[in-house]
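A.B. asks: Dumping the structure here so I can ask a few things about it.
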Amino acid sequence: MELIPTNIAPSYWLSVITFLPLVGAFVLLFLPRSEKNSARWVALLFAVVTFLVSLKLWFGFELGTPQFQFVEQCDWITFGKWKVQYFLGVDGISLLIVLLTTFLTPIVVLSAWKAVQEKVKEYMIFMLLLETAMLGALVSLDLFLFYVFWELMLIPMYFLIGIYGSNPERRRYAAIKFFIFTMVGSVFMLIGIIYLGAKYGGYTFSYPAILDAGIDVYPQMWLFLAFAVTFAIKVPMFPFHTWLPDAHTEAPTGGSVILAGILLKMGTYGFVRFAMPLFPDGVRFFMPALAVLAVIGIIYGALVAMVQPDVKRLVAFSSVSHLGYVMLGLFALNAMGVQGGIFQMISHGLSTGALFLIVGMIYERRHTRMISEFGGLAKVMPVFAACFLIVTLSSIGLPSTNGFVGEFLILIGAFTSGTNGALSSACGPGAYWFAIIAALGVIFGAVYMLWMFQRVMYGKVTNPKNENLKDLSLREFVVLAPIILFIFIMGIFPTPFLRRMEASVKYFNNHYAKQFTDVNAETASTDAPEKAKQAAVTSEKPGRAFARAREAVAVKKDADINNAPSRPGAGPALKSGMKKRAAGVPRLPELK
Amino acid sequence: MPLELLQLAATASQTAAGSGLPTGRMLIWILLFPLIGMTIWGILGKRLRRETVGTLASLAIGLSFIFSLGFFLAMLVREGHGAYTYTYYTWIAAGKWFSIPFGLRFDHLSAVMALVVTGVSTVIHIYSIGYMRHDHAYWRFFCYLNLFVFFMLMLVLGDNLLMMFVGWEGVGLCSYLLIGFWYDDRNHPAETNEQGTGNAIAGKKAFIVNRIGDFGFVLGIFFIFVTFSLMTNDSAELQKAYAGAAKQLHVTDVEQITPLKFSHLKAIIESWPEGSHLPVMVLTLIGIFLFVGAAGKSAQIPLYVWLPDAMAGPTPVSALIHAATMVTAGVYMVARMSFIYVEAPTAMMVVAGIGALTALFAATIGLAQNDIKKVLAYSTVSQLGYMFIAVGVGAYAFGIFHLMTHAFFKACLFLGSGAVIDFMHHKQDIRGYGGLRKYLPITHITWVIAAYAIAGLPFLSGFYSKDAILEKAFEFAPHGMHWFGYAVFGMGLAGAILTAFYMTRVTALTFWGTPRIPEEKLATFKKPPGTMKAALVILAFLAIIGGYINIPAWWSSDHKGGQYFVTWVQHWTKDKVAEERHFVQHGGAAHDEKAGHDEKAGDDGKAQNDGDKEAAEKPHKEGSEVHEGMSLGMLAFLLTLLSVGVAVIGVAAGMAKYGVKKTGAVPPAEGEKLTPLHAMIKNKYWIDELYEGTLVDPIHAGSKYVLWQGIDVFIIDAFVDGLAWFTLRIGAWVRRLQTGLIPVYVIFMVAGLVAMLIYFFAYGILEMPTFFIKGGGK
């Protein structure tokens, strides 16, 4: 339980931040439907206050420790011997995403000021409910609590797409597709969570406890797969991505911003918080496949984005590409890759969020998003053009914007890891090709974004409907300005952001190294001499831990089969191999 | 963060107030003036008067120039001519091994570059006040132009590869914005197709081709990091090299050494332990990857295609970005990374070879272009080829020398063409010019000076730099292969003849002979304003005297009779240790840069030299004999004579074909039948069409029909929808048994789930079957 401080001082910050939007939603319930403006203002007020309160997390966050901070822990549901806790906390990994959430919500509320004219109250309620769900999922340290919030996110989003979608015929299809895809994924995770709680958590679902318990190798495989499918759908990784373009195209502007900005990050966050630390052997086993899918996603998303006739679909596919980078960075399992991955989550949230806002602004004016309908807007809307350009450049990763920092860290992390590190040990010596191919995506990124920008903004104004479009209003400028500000701040001074995640990422990476070294040490000391020799042959480099661990597992498997265990998967040799990891934590009796 | 900036400003002004030499911390001001300017024009420009914007924008760059000059002079008086460096803050850091500072470096190499960039920029800003006088987006133009100078200075002054990359992509962005400046094609009706309008397409093409180059650049950075970082490479040699580098750099801890920082990387390579080989293969790879980046930015084969199209931008932009400064960034980068190239002769061969090919190839295309700016564009590509010959054969200082002289005369030519275009109401076809000497006398004189400078006629700047490059190319012998040097030399020489020829052609067709449009119409055209003329005169003057900077002795400060300019640049590029090892390992490249201005280096080199000659004789006897047969001085003299000869031949041939009296020798109009050779050259060997057909179109069609409509819609979506349909069928079947809709679905799901859970928990077979892991784990 080294991740939890021993003396937990009572803290209510996380609860306040998480449930303040819910209070707002509750207040809104009592407003009469006709009071559209009051509904807007109340929602904005609660969103802004939530953001202001959440700043406490940024300033009060203690650097240099991987421990969870602002921890709250108490029992929530007791059911027989099962115990579900109300257990919250943030660390360097979740902190920035929490802040991104509280930062984007007021912007989204403000962006819907004019766009949503019917069922305003309900729209705002869904938004605030969604914020609570997202924040809850991000700060939960109890797997069951996490699952509750995770599922809670679906409901408001489903209604946002289904009710406020742009095309009445397609929006239901999109909403149901979104719902089914994510629902199917979550089912697997639920099984996994229950199994984990029963077998390793002592009938609780405490994340730190399960992390410390150390999970046996074989269950790790299917558990990882269950979690990975859930999160991969959410990310979305190729080939689970097809719900995304539909959902984005049909969702109202605010829904798209939240979807791209935060909901997708839930997938990558799930990987870095749960799937990867809990199941290192599973990660190692499935890493080649997942890394390949990540790289395919990068290139595929970019190429398909290039040929989209609809701006929103284009941006949706660009998300597939960008989140492929995030996944690749996480799999690099070194400081650059993982920090870059988390940084990229934030910067993608900002730049793609802004892109959807921008698309929404021209949609409000023209009620179309087809690229061919536009052209020459730069002349009619110069301020809009400047904002659009900056966001576009951030999206293609121009140095001095936020996009570059994340992308570069990911690529150099993946390259390093592919040459001599986790990726190369798990996937073979040619793994640096992942980074090289992924870097090709940077070229295609420039192609699709600039081509789109050029067709929409440059050239002569050929369509007479575009001649008298209004430039940005003050409200619209206020919506975009903070994002643009952060695009530059994060590009020029990324260090404060990187430093906040540093300790947690270091712990994350060391966690891996430790797990594998342990397995190896065990092999060397207890197994047959020739096998020990085999494991100890090379004068080892740090990154070789993976390869060794892999050999060790293979060796153990042989031993396992030879020993003909009475129950599959619970062979004595394997158990002894895992014991050291679980030292100090009493192993629970097997379920019969 | 803003706090850091404020602190910075405070200390900078503090030091400025105190007397004496500038401190390194003040370097940021060179960058800040254009940045501040850009911000003001961007926000307020629309409300300010045109003259105010133009004048103040020029002033901002002028201040940058004055600061650069100040630092340069301070370096001159400083003991040991030491470089100015300053690290402001940590820009990007992740983990123990990866930390990139925001640091600036004003050393011998960047001093030259900064002076050229700010100097030429100032002149071109002044010119633009006149040239853009009718444009309603005046403020936007100066905003972009200031931003460009900012990024260019970042590229030049950054002290690590990543800072350089910021500038590198930043100038690409400004190039994109400025090429597409007239994005509605109001001044330059380019062809419009379904993709949009011409100028914006050209801008996009420039950015994307540059990105392809940047891909190579980034890979180069990756390979450098992986090879020279202790994180991934803990070999004994590298650790020794780090220890040596730490001593050389006066740092206490090897962890403070960042291999992506120029000075640190140089120190690591220089401190490579004696007796062990550098990883030459990887260095070669790094050299080639970095050169891919350079080829993109500096328009070399095969990535040159964007530069001719980039002429769609306003002419001052062509002069500043696409001739004098940005496109030379690749040359600067190779010179900056020279310590890697000298260790990797194969990479040098690639650089020199591509440079020579481009020099010749682009010159041939230049022969048959009728757009005055296109001629100059291909001539720029060709001249950049010469610069790459220089840096490829290891004559880095001469490459930078040619970069500087080229900046003067090519900017002068472009601005001259701008004056002509302005005068001719934005007509750019030289077939419609003729006899303009009478109407634009100052433009004519400055043009002729610059044209003969580029042609390489004696006593003008281009002669000194180009001649030196060809001489060095002649002596180049990578891996002892003298024929390679001769081939490069030959191509360079052939390119020089063509350069002299096409420059004469375009000069004659524009300024000489009789006008090809009615004279009474010409007489009504407006003459260019004074600011434009002033800029032309300044640049023409520089085009004359630029070459004399490198003339030895008479103002050399070290009194060793060395070539002053070259010696100055060689503070960075001349790498003694590396050079010696280069000789030992590869032999042959004996005469490369043996100017002998440093006695110790001369002696050492000589000792090595004798051995090398023997080694070189074996693979290539003839080559060595040439060198044995005559003294170096004699050889140099003959080569100089040869290059003067070809320049004169080229000019004479041009005169003979298009000269003063031959008014009939106008190139054929559009639609006229051309000879196959002429057609091939005029259509630029159909390279654009080739790229379009083999790369762009297939990728586009493949993405659309195979990836999107094939995989995405036809396979994945169809599968998902099929699954949904199947589920619905089951639901319909269930509905007949019960009444619910979706709840039924959910109930069944949960029920199944519970059943599964019970089953699994009861029998514990959730453990992965062993054969699965065994099968996949290997």
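A.B. asks: Note down all Cβ pairs under 9 Å where the first residue falls in the range B:21-44 and is over 13 Å from B:GLY158 (Cα atoms) and modelled with pLDDT of 90 or more, the second is hydroxyl-bearing (Ser, Thr, Tyr) and not in a helix (DSSP H, G or I), and they're at least six residues apart or on different chains.
C.D. replies: Filtered contacts from the range B:21-44: no entries.
A.B. asks: Do you know which residues across the range A:104-128 are aromatic (Phe, Trp, Tyr) and surrounded by fewer than 22 Cβ atoms within 10 Å (Cβ to Cβ)?
C.D. replies: Of all residues in the range A:104-128, those aromatic (Phe, Trp, Tyr) come to A:113, A:123, A:126.
Correct list: A:TRP113 only.
A.B. asks: Right, another one. Specify the residue that is nearest to the chain's Cα centre (by Cα); the eligible residues are those in the range B:23-60 that are part of a helix (DSSP H, G or I) and of a type in the set (D, E, K, R). Before you say what the answer is, go through the steps one by one.
C.D. replies: We begin by selecting, within the range B:23-60, every residue part of a helix (DSSP H, G or I); these are B:24-47, B:50-60.
When the remaining residues are screened for being of a type in the set (D, E, K, R), the result is B:25, B:46-47, B:50-51.
Numbers: B:ARG25: 27, B:LYS46: 32, B:ARG47: 35, B:ARG50: 32, B:GLU51: 32 Å.
If we take residues in the range B:23-60 being part of a helix (DSSP H, G or I) and of a type in the set (D, E, K, R), then B:ARG25 is nearest to the chain's Cα centre (by Cα).
A.B. asks: Something else now. Which residue out of A:ALA175, A:ALA226 is out of contact with any Pro (no Cβ under 7 Å at 6 or more places or on another chain), more than 22 Å from A:GLU2 (Cβ to Cβ), in a helix (DSSP H, G or I) and away from chain B (no Cβ under 12 Å)? Break it down into steps so the answer makes sense when it comes.
C.D. replies: Working: A:ALA226 fails: away from chain B (no Cβ under 12 Å).
Within the list A:ALA175, A:ALA226, the selection yields A:ALA175.
A.B. asks: Answer yes or no: is there a residue in the range A:485-495 that is of a type outside the set (S, T, N, Q), part of a helix (DSSP H, G or I), more than 13 Å from every other protein chain (Cβ to nearest Cβ) and within 23 Å of the chain's Cα centre (by Cα). Walk me through it before giving the result.
C.D. replies: Here is the first cut: in the range A:485-495, the residues of a type outside the set (S, T, N, Q) are A:485-494.
From the residues that got through so far, the ones that are part of a helix (DSSP H, G or I) too are A:485-492.
The next check asks that each one be more than 13 Å from every other protein chain (Cβ to nearest Cβ); those that pass are A:487.
Next, only the ones that are within 23 Å of the chain's Cα centre (by Cα) stay: A:487.
Looking through the range A:485-495, at least one residue is of a type outside the set (S, T, N, Q), part of a helix (DSSP H, G or I), more than 13 Å from every other protein chain (Cβ to nearest Cβ) and within 23 Å of the chain's Cα centre (by Cα).
A.B. asks: Go over the candidates A:ILE371, A:ILE412 one by one and state the one that is within 25 Å of A:LYS114 (Cβ to Cβ) and either without any contact (Cβ under 8 Å) to a residue 12 or more places away in the chain or in the same structural domain as A:LEU450 (by TED's automatic domain parsing) (or both).
C.D. replies: Numbers: A:ILE412 fails: within 25 Å of A:LYS114 (Cβ to Cβ).
Answer to the selection: A:ILE371.
A.B. asks: Being within 14 Å of chain A (Cβ to nearest Cβ) and either in contact with a His (Cβ under 7 Å, 6 or more places away or on another chain) or of a type outside the set (Val, Ile, Thr) (or both) is the filter; apply it to the range B:37-71 and report the residue that is nearest to B:PHE150 (Cα to Cα).
C.D. replies: In the first step, residues of the range B:37-71 are kept if they are within 14 Å of chain A (Cβ to nearest Cβ); the result is B:38-39, B:41-47.
Cutting the leftovers down to either in contact with a His (Cβ under 7 Å, 6 or more places away or on another chain) or of a type outside the set (Val, Ile, Thr) (or both) gives us B:38, B:41-42, B:44-47.
Values: B:MET38: 9, B:TRP41: 14, B:GLY42: 14, B:LEU44: 19, B:GLY45: 18, B:LYS46: 21, B:ARG47: 23 Å.
The qualifying residue nearest to B:PHE150 (Cα to Cα) is B:MET38.
A.B. asks: Is it true that some residue in the range A:223-245 is farther than 30 Å from A:ILE194 by Cα and surrounded by 23 or more Cβ atoms within 10 Å (Cβ to Cβ)? If you could, list the steps in order and put the result at the bottom.
C.D. replies: Applying the first criterion (farther than 30 Å from A:ILE194 by Cα) to the range A:223-245 yields A:245.
Checking which are surrounded by 23 or more Cβ atoms within 10 Å (Cβ to Cβ) leaves us with A:245.
Within the range A:223-245, one or more residues are farther than 30 Å from A:ILE194 by Cα and surrounded by 23 or more Cβ atoms within 10 Å (Cβ to Cβ).
A.B. asks: Name the single residue, out of those in the range A:456-468 being touching a residue at least 24 places away in the same chain (Cβ under 8 Å), surrounded by fewer than 23 Cβ atoms within 10 Å (Cβ to Cβ) and in a helix (DSSP H, G or I), that is farthest from the other protein chains (Cβ to nearest Cβ).
C.D. replies: The selected residue is A:LYS465.
A.B. asks: Let me ask something else about it. Do we have A:VAL148 as within 14 Å of chain B (Cβ to nearest Cβ), in a helix (DSSP H, G or I), of a type in the set (Val, Ile, Thr) and out of contact with any Asp or Glu (no Cβ under 6 Å at 6 or more places or on another chain) here? Before you say what the answer is, go through the steps one by one.
C.D. replies: Numbers: within 14 Å of chain B (Cβ to nearest Cβ): no; in a helix (DSSP H, G or I): yes; of a type in the set (Val, Ile, Thr): yes; out of contact with any Asp or Glu (no Cβ under 6 Å at 6 or more places or on another chain): yes.
It is false that A:VAL148 is within 14 Å of chain B (Cβ to nearest Cβ), in a helix (DSSP H, G or I), of a type in the set (Val, Ile, Thr) and out of contact with any Asp or Glu (no Cβ under 6 Å at 6 or more places or on another chain).
A.B. asks: Looking only at the range A:356-389, count every residue that is away from every other protein chain (no Cβ under 14 Å), of a type in the set (Val, Ile, Thr) and touching a helix residue (DSSP H, G or I) at 6+ places or on another chain (Cβ under 8 Å) and tell me the total.
C.D. replies: Total meeting the criteria: 3.
A.B. asks: What number of residues within the range B:310-335 satisfy the criterion of being part of a helix (DSSP H, G or I) and under 9 Å from the mean Cα position of the chain (by Cα)?
C.D. replies: 8
A.B. asks: Looking at (1) among the basic types (Lys, Arg); (2) over 30 Å from A:MET370 (Cβ atoms); (3) touching a Ser or Thr at 6+ places or on another chain (Cβ under 7 Å), find the lone condition where A:LYS199 falls short.
C.D. replies: Only one criterion in (1) among the basic types (Lys, Arg); (2) over 30 Å from A:MET370 (Cβ atoms); (3) touching a Ser or Thr at 6+ places or on another chain (Cβ under 7 Å) is unmet by A:LYS199, namely (3).
A.B. asks: In a helix (DSSP H, G or I) and over 26 Å from the mean Cα position of the chain (by Cα): does that describe A:TRP76? Working first, answer last.
C.D. replies: Numbers: in a helix (DSSP H, G or I): no; over 26 Å from the mean Cα position of the chain (by Cα): yes.
No.
A.B. asks: On to the next question. Being of a type outside the set (A, V, I, L, M) and part of a loop (DSSP other than H, G, I, E, B) is the filter; apply it to the range A:390-446 and report the residue that is nearest to the other protein chains (Cβ to nearest Cβ).
C.D. replies: Kept after step one, since they are of a type outside the set (A, V, I, L, M), are these residues of the range A:390-446: A:392, A:394-395, A:397, A:399-404, A:406-408, A:413, A:415-421, A:424-425, A:427-430, A:432-434, A:441, A:444-445.
Among the residues that remain, those that are also part of a loop (DSSP other than H, G, I, E, B) are: A:397, A:399-401, A:421, A:428-430.
On the way: A:GLY397: 9, A:PRO399: 4, A:SER400: 6, A:THR401: 10, A:GLY421: 7, A:GLY428: 11, A:PRO429: 13, A:GLY430: 14 Å.
Checking each candidate, the answer is A:PRO399.
A.B. asks: Being within 14 Å of chain B (Cβ to nearest Cβ) and surrounded by 24 or more Cβ atoms within 10 Å (Cβ to Cβ) narrows it down to one of A:GLY353, A:GLY349, A:GLY329, so name that one. Lay out the reasoning, then the answer.
C.D. replies: Working: A:GLY353 fails: within 14 Å of chain B (Cβ to nearest Cβ); A:GLY349 fails: within 14 Å of chain B (Cβ to nearest Cβ).
The unique qualifying residue is A:GLY329.
A.B. asks: I'd like to know if the range A:226-234 contains one or more residues that are at pLDDT 85 or above and under 30 Å from A:GLU118 (Cβ atoms).
C.D. replies: yes
A.B. asks: When you go through A:GLU62, A:GLU118 one by one, which is the residue that is outside the structural domain of A:LEU355 (by TED's automatic domain parsing) and either within 20 Å of A:PRO208 (Cα to Cα) or among the hydroxyl-bearing types (Ser, Thr, Tyr) (or both)? Spell out how you get there, then give the answer.
C.D. replies: Working: A:GLU118 fails: either within 20 Å of A:PRO208 (Cα to Cα) or among the hydroxyl-bearing types (Ser, Thr, Tyr) (or both).
It is A:GLU62.
A.B. asks: While we're here: Quick one: which residue in A:GLY201, A:GLY254, A:GLY192, A:GLY261 is buried (at least 22 other Cβ atoms within 10 Å of the Cβ), of a type outside the set (Phe, Trp, Tyr), over 20 Å from B:ASP712 (Cβ atoms) and within 12 Å of another protein chain (Cβ to nearest Cβ)?
C.D. replies: A:GLY192
A.B. asks: Additional query: So if I check each of B:ALA206, B:ALA200, which one is in a helix (DSSP H, G or I), of a type in the set (Gly, Ala, Ser) and at pLDDT 85 or above? I'd like the intermediate steps shown before the answer.
C.D. replies: On the way: B:ALA200 fails: at pLDDT 85 or above.
After ruling out the rest, the residue left standing is B:ALA206.
A.B. asks: Still on this structure, I have one more. Out of the residues in the range A:213-222 that are in a helix (DSSP H, G or I) and within 11 Å of another protein chain (Cβ to nearest Cβ), state the one that is surrounded by the fewest Cβ atoms within 10 Å (Cβ to Cβ). Can you show your working first?
C.D. replies: Applying the first criterion (in a helix (DSSP H, G or I)) to the range A:213-222 yields A:213, A:217-222.
Those left that are additionally within 11 Å of another protein chain (Cβ to nearest Cβ): A:217-222.
Numbers: A:VAL217: 26, A:TYR218: 25, A:PRO219: 22, A:GLN220: 22, A:MET221: 23, A:TRP222: 20.
If we take residues in the range A:213-222 being in a helix (DSSP H, G or I) and within 11 Å of another protein chain (Cβ to nearest Cβ), then A:TRP222 is surrounded by the fewest Cβ atoms within 10 Å (Cβ to Cβ).
A.B. asks: Scan the range A:469-479 and tell me whether some residue there is within 26 Å of the chain's Cα centre (by Cα) and either at the interface with another protein chain (Cβ under 10 Å from one of its Cβ atoms) or modelled with pLDDT of 85 or more (or both). Let's see the steps before the verdict.
C.D. replies: Narrowing the range A:469-479 to residues within 26 Å of the chain's Cα centre (by Cα): A:479.
Filter once more, keeping what is either at the interface with another protein chain (Cβ under 10 Å from one of its Cβ atoms) or modelled with pLDDT of 85 or more (or both): A:479.
Yes: the range A:469-479 contains one or more residues that are within 26 Å of the chain's Cα centre (by Cα) and either at the interface with another protein chain (Cβ under 10 Å from one of its Cβ atoms) or modelled with pLDDT of 85 or more (or both).
A.B. asks: Name the residue, out of B:ILE687, B:ILE715, that is surrounded by 12 or more Cβ atoms within 10 Å (Cβ to Cβ), in a helix (DSSP H, G or I) and within 13 Å of another protein chain (Cβ to nearest Cβ).
C.D. replies: Working: B:ILE687 fails: within 13 Å of another protein chain (Cβ to nearest Cβ).
Result: B:ILE715 is the single residue among B:ILE687, B:ILE715 that is surrounded by 12 or more Cβ atoms within 10 Å (Cβ to Cβ), in a helix (DSSP H, G or I) and within 13 Å of another protein chain (Cβ to nearest Cβ).
The values are calculated or read from the model by the stated rules, or taken from the named source; none is laboratory data. If you're wondering where the values come from, they're calculated on a predicted model, not measured in any experiment. For neighbour counting, all protein chains shown are included, and Cβ atoms are generated from backbone atoms with ideal geometry for every residue, glycine included.
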